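Asks: Handing you a structure now.
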Amino acid sequence: MPSLEDDYPRYLASKRSVDDRAVNERVLRQLATELEGRTRLDVLVLGGGIGRGLERLLEREVLPVNADIACTLVDLRESNVEAARERLPEWAGSQGHTVTELGENHGRPADLDTGTAEGKSGQEERGPHLRIEAGSRTVDVEVLLADAFSVVERGEWDLLVGGAFLDLFDLSEALPRLLRALAPGGYCYFPITFDGGTIFEPAIEGLAPDRLENAFHAHIDDGGDSRAGRHLLTRLPREGSSVLAAGSSDWVVRARDGAYPAEEARFLRYIVDTVADALTENEETDLGEGILARWRERRHEQIERGELLYIAHQLDVLGQVEEADGTGSKSG
């Protein structure tokens, strides 16, 4: 049985094609347009995972050309950080990019070189810096094992990127902390932000789909936000920031000719087991363990037969804090 706790990097790798298909291209192009002409860019990727977020920014030519770019990836899972440090140079090389080892304590902002952050073990684990030269784009990269909020508050960032991140937190507390860390006129880009839709088809006899969906969303809301996407759209203006672009980024996973593409069957197994485990461990749910066990078994059978359709509703949101003079971009 797949387990996110046992092998989170493998789960992240299995959803690469799902995310790539889901990311809203219009919102991504708006970000690229906003960054055009920048000569310096400090980027922080929150919940950096295995590095796919940075790879996508380079693959789709979002980062500005001929700019001095420093990118820090931070993640609290040691297995993710180890995987990112191993994968990023391999990926860059496979794309024909030049990769240079810069050694430790090379990056920016400067106070990241001397401070410590409270992570799982109470100490931030620093890593080597890499320089990735992708055509006319040169990015200095560091991957940190640390708590994202301890890192974000120790710099002044031009761009925050948080993919599938905000639904893990109480938005009313998390968003102001993130926005305060942005430089005047800085941007926040939150792709794949969950927004309250969990759909499995076909239906299974004996368990109404909305009953399981409601229970799972209630589980997310215990410390997180199952409607983080729509709440982000209303809270950004409330915090004095502009919403520059927003659009749907739904996960839609289905078989073609009886088979799922890429690693998407593995991805579906992780999703099914994650939902079943979460609700089985939740003492407040009214779904019995036997019902959930049968639901899990039937869904795995459907995956094997290429029958399961899975949809998760999500939003991509691009925001900007005010410039020092109180203005900001007026893009739609």
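Readers should treat all values here as calculations from the given coordinates under stated rules, not as data from a laboratory. What you are looking at is a predicted structure, and each value in this text was computed from that prediction instead of being measured. When we count neighbours, we look across all protein chains shown, and the Cβ atoms used for this are built from the backbone with ideal geometry, even at glycine.
Asks: By average Cβ neighbour count within 10 Å, what is the ranking of 46-57, 164-175, 17-28 from highest down?
Replies: Order by mean packing, descending: 46-57, 164-175, 17-28.
Asks: Test of understanding: what is the full-extension gain from residue 40 to residue 234, defined as 0.36 nm times their sequence separation minus their Cα-Cα distance?
Replies: Length gained between residue 40 and residue 234: 66.8 nm.
Asks: Gap in Å between the Cα centre of region 179-215 and the Cα centre of region 292-328?
Replies: Between the Cα centre of region 292-328 and that of region 179-215, the gap is 5 Å.
Asks: Let me understand the chain better: what is its radius of gyration from the alpha carbons, and its Dmax, in angstrom?
Replies: Computed over the Cα atoms of the chain, radius of gyration and Dmax are 20.2, 60 Å.
Asks: When the convex hull of the Cα atoms of region 35-91 is projected onto a plane and the area is averaged over all directions, what value comes out in nm²?
Replies: Computing the convex hull of the Cα atoms and averaging its projections yields 3.8 nm².
Asks: Pull out the extension gain between residue 257 and residue 222, defined as 0.36 nm times the separation in residues minus the alpha carbon to alpha carbon distance; nm, one decimal.
Replies: Taking residue 257 through residue 222 to full extension adds about 8.7 nm, to one decimal.
Asks: Let me ask something else. Compute the Kirkwood hydrodynamic radius of region 161-312, taking the inverse of the mean of 1/r over all pairs of distinct Cα atoms, and give it in Å to one decimal.
Replies: 17.1 Å
Asks: In terms of modelled amide H atoms, which long-range or inter-chain residues lie less than 5 Å from the amide H of residue 71?
Replies: Hits under the 5 Å cutoff: 43, 140, 141, 142.
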